[in-house]
Structure formats: C-alpha cells, structure tokens
Amino acid sequence: MSHLNLPGAETEVGELVVDNCRCSDGEVEGLSEEFTELEVLSMANVGLSSLAKMPPLPKLQKLEVSENAISGGLNALVEKCPGLTHLNLSSNKLKELSSLEPLQGLKALKSLDLYGCDVSSLDDYRERVFQLLPQLTYLDGFDQEDNEASDNDEEEEAGPHGDDGEEEDDEDEGSEGEEDEVGLSYLMKEGIQDEDDDGDYVQGEEEEEEDEDEDGGETVTPPHERRRSCSSRSGGEEEEGRRRRGG
C-alpha cells in the first residue's frame, strides 16, 4: 500500500511519480482531488486493475499506468481527466478494440501506448486504432506513416507556443535591425561633424601660432644686438671716467 504524506502541499504539486508502490483496493492512498495543479502522474506497476477510483484531476495531461492489470473501464478517464494528451497503457490486460472506445471522448489525446497488451496483436491493429481514435498522432511511439515520435514533437504537442515564440523572435530581430540602421546613420553624421570641428581647430591653432610669431618679432631683441648695445655702454663709461680723472 502506498500513502502520500503531503499535507498542505497538494495544490503545489505538478508532477507525481509513485511507480512500484502497491495500491489498496484499486487506489493509491493519499492521491486525491486536492492535487488540483497535477499535470503528470505516473503509477506504473502499482497493482491497478481499474481506474474507476482515480480522483478528478482536471489539469492532468500525461498519465502513465503501464504494467498493471487494467482490462477496461477507461470511461473514467474521460470524466476525471478530460485534458489528457499522453496515455501509456502498455503491458495491461486490454484485449479488444471495443475496450478503447471510451478514449474517443479524450479530444486532446495525441499519444497512446498499448505495447504489450493483447489488443496490439490483432490484425491491422495500427490501422484500426487510428480509425477508431482519429485525434491520435502517435500510437506506440510512431505516427501513421511509421515516423518515430521525437522529444521535440511531444513538447510541441504539449505546449502549442512554438509559433508565437518564433514570431516574437522575428519581430525582435526586425526591431534590432532598425536600431542598427539608425545608429549607423547617426554615427556617420557625427563623424562628419567631428572632421569639420577638427579642421576648424587646426586652422585656429595656425592663426594663434602666426600671432605669437608676430608678437615675438616686435619684443624680442636678437642676441647680437644685445651684445652690441652692452659694448657701446661699456665704452662710453670708460671715456667718461678718463675725462673725470684728467680734469
């Protein structure tokens, strides 16, 4: 017997695996309708012979009940798990196609596994199941053209948001391209203005240098003229001194 001791946490659980835990009287103790957010449930090899006592799980998308003793009563799934997309009933005791008829009510069902059930040995088994359940994409892991299901295919089926994401990416790329174009034209304009500013600056520097050269020519006395002036003053002083001594 399996008992789930999750007081107060049921509403937060999205995936639950109780494989190989023995059930009691067709139910797993503790599994209740309080698991309102449960999307994935695996109860492989727990001794189930019927799904009649499963609690309502309105958000459940994937149910794994392989290696049990289920022989019918699949109508309970339509009532309690109407949003199922993936159902694994492999290695159970399903013998007739008629036992699968209730699954017609699961409109979202895309993947069904019956491998190891007696029903899978019937003549034209695959063709007849696809006819009975036209909503199916994959039976025992393969589509009607015998193409194997990939993980990406299953993810796309479970969440149809891939196209929207691609469109958003395209829009983002387009916006980035426009921003790049605007930025490039802006930089080109800035570059032209910088070149003009540099030219003005150089011209201004040249004018300042010319002004400095002109000012320097008026105020600076060449070295040879300074020596000549000093010599003249020295000679005049000596002559005056001789006149004073003679007088």
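At-a-glance table
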| item | result |
| --- | --- |
| Residue in region 46-65 that is under 15 Å from residue 113 (Cα atoms) and assigned to a loop (DSSP other than H, G, I, E, B) present | yes |
| Residues located in region 75-94, provided they are aliphatic (A, V, I, L, M) and farther than 21 Å from residue 36 by Cα | 89, 94 |
| Filter pass, residue 100 being aliphatic (A, V, I, L, M), within 31 Å of the chain's Cα centre (by Cα) and under 27 Å from residue 58 (Cα atoms) | no |
| From 83, 73, residue being at pLDDT below 95 and out of contact with any Gly (no Cβ under 8 Å at 6 or more places or on another chain) | 73 |
| Test: residue in region 117-125 that is in contact (Cβ under 8 Å) with a residue 12 or more places away in the chain, surrounded by 14 or more Cβ atoms within 10 Å (Cβ to Cβ), part of a loop (DSSP other than H, G, I, E, B) and of a type in the set (Ser, Thr, Tyr) | no |
| Which numbered condition residue 41 misses (of (1) out of contact with any helix residue (DSSP H, G or I) (no Cβ under 6 Å at 6 or more places or on another chain); (2) in a loop (DSSP other than H, G, I, E, B)) | (2) |
| Residue in region 84-92 that is in contact (Cβ under 8 Å) with a residue 24 or more places away in the chain, over 16 Å from residue 114 (Cα atoms) and crowded, with 18+ Cβ neighbours inside 10 Å present | no |
| Among (1) open to solvent by 30 Å² or more (accessible area, probe 1.4 Å); (2) more than 30 Å from residue 11 (Cα to Cα) - the single one residue 114 does not satisfy | (1) |
| Verdict on residue 107 being under 35 Å from the mean Cα position of the chain (by Cα), open to solvent by 50 Å² or more (accessible area, probe 1.4 Å) and farther than 23 Å from residue 140 by Cα | no |
| Of all residues making up region 44-83, the number that are closer than 19 Å to residue 11 by Cα and hydrophobic (A, V, I, L, M, F, W, C) | 5 |
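The values are calculated or read from the model by the stated rules, or taken from the named source; none is laboratory data. Because the structure is a prediction, the values reported are computed rather than measured. Here Cβ is always computed from backbone atoms with ideal geometry, including for glycine, and neighbour counts include all displayed protein chains. Heads up: the accessible areas ignore ligands, DNA and RNA and are worked out on the full protein's heavy atoms, side chains in. Shrake-Rupley method; radii C 1.70, N 1.55, O 1.52, S 1.80 Å.
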